[in-house]
Amino acid sequence: MEGAQSTLLVDCAGSPLLKLQEAGIDPARLGYVILTHDHPDHVYGFPILVLGLWLLRSPRPLQVIGLPEVLRTAHDLLALFRPQEWPGFRAPVYKEVDVAKNELLLDLPDLVVTGRIAQHLVPSLALRFLNRESGRAVVYSGDTGPSESVASLAQGAGALIHEAAGTLLGHSSAADAGRVAQSAGVNQLVLIHYPAQAGRLGALLAEARQHYPGRLDLARDMESLEF
């Protein structure tokens with residue numbers, strides 16, 4: 001997520017620095033990481049991200065925002081590699097959030113980020129990003145089953161990026177995502193975290209279309225969404 005002044009990353013898997021560069025984002029600008037929940041596919045890339053920023057001589061410590069459980073995991077993963085032995089290492093700054101008491105996660109000059117608890121196997125954050133300049137917002141469901149909390153968070157947003165992993169416990173089908181988008185009244189639904197079988201992609205869109213008449217898209221790597 002890149003604003004006029006701020007750059008932040010949501011979750012941290014794979015090769016995050018490479019992905020940022022492929023997306024045309026300078027990793028040295030990255031100031032914040034929001035970790036939605038404590039599952040491997042959302043946090044296992046954290047040590048390599050911190051290592052890469054150290055190698056790039058990032059000018060400021062990385063701020064890491066999340067629920068207490070995921071921050072403990074991120075801290076412990078990084079500790080395995082003894083970063084205190086890296087010359088000049090600046091430790092990340094960990095910021096625990098409790099969205100039951102305060103939904104505000106980040107209040108930046110260009111972006112405001114709020115969150116609510118989604119419906120997953122472990123505590124997980126759904127996120128709303130407000131562009132101060134345009135006044136428009138986009139919501140990311142994170143991993144979640146069909147959730148009134150996510151639908152409420154998405155009210156008035158221009159776009160909802162909603163998972164469509166299927167009918168697994170703690171996840172949503174494309175039809176579920178369509179129902180949530182319709183309930184929230186968003187202008188655009190973008191399906192993400194969906195099964196990657198090529199033959200199923202059209203069927204996923206058709207499932208969502210049964211419940212949501214607005215603009216409908218599949219998320220693709222390196223695509224951008226302006227708001």
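What follows draws every value from the coordinates through simple rules; no lab data is involved. Keep in mind it's a predicted model, so treat the numbers as computed, not measured. Glycine also receives a Cβ, built like all others from the backbone with ideal geometry; neighbour counts cover every protein chain displayed.
Annotations for the structure displayed:
- Degrees between helix 174-184 axis and first principal axis of the chain (Cα, 0 to 90, nearest 10): 90 degrees
- Tensor-based shape of region 1-124 (alpha-carbon gyration tensor, a/c under 1.5 rounded, otherwise prolate or oblate): oblate
- The phi-based Karplus calculation (6.51 cos²θ - 1.76 cosθ + 1.60; θ = phi - 60°) puts the 3J(HN,Hα) values of region 12-25 at 8, 10, x, 10, x, 5, 4, 5, 4, 5, 5, 7, x, 10 Hz, whole numbers, x for Gly and Pro.
- Here residue 206 and residue 134 are evaluated by their C-beta separation; at R0 = 35 Å the FRET efficiency comes out at 0.65.
- Of interest is the spacing of the C-alpha centroids, which for region 137-183 and region 1-67 amounts to 24 Å.
- Among the GluC sites (Glu not before Pro) within region 164-227, those in coil by DSSP and having at most 16 neighbouring Cβ atoms inside 10 Å are 223, 226.
- Segment residue 226-residue 13, extension gain: residue separation times 0.36 nm, minus the distance between their alpha carbons: 74.4 nm
- Residues in region 213-227 that a label on residue 196 would reach, taking backbone N under 16 Å of a point 7 Å out along Cα→Cβ: 219-223
- Each Lys or Arg adds one and each Asp or Glu takes one away; over the other residues whose Cβ falls under 13 Å from the Cβ of residue 186, this sums to +3.
- The chain, relative contact order [Cα under 8 Å, separation at least 6], %: 13 percent
- Take the Cα of residue 91, step 7 Å toward its Cβ, do the same at residue 41, and the gap between the two points is 3.2 nm.
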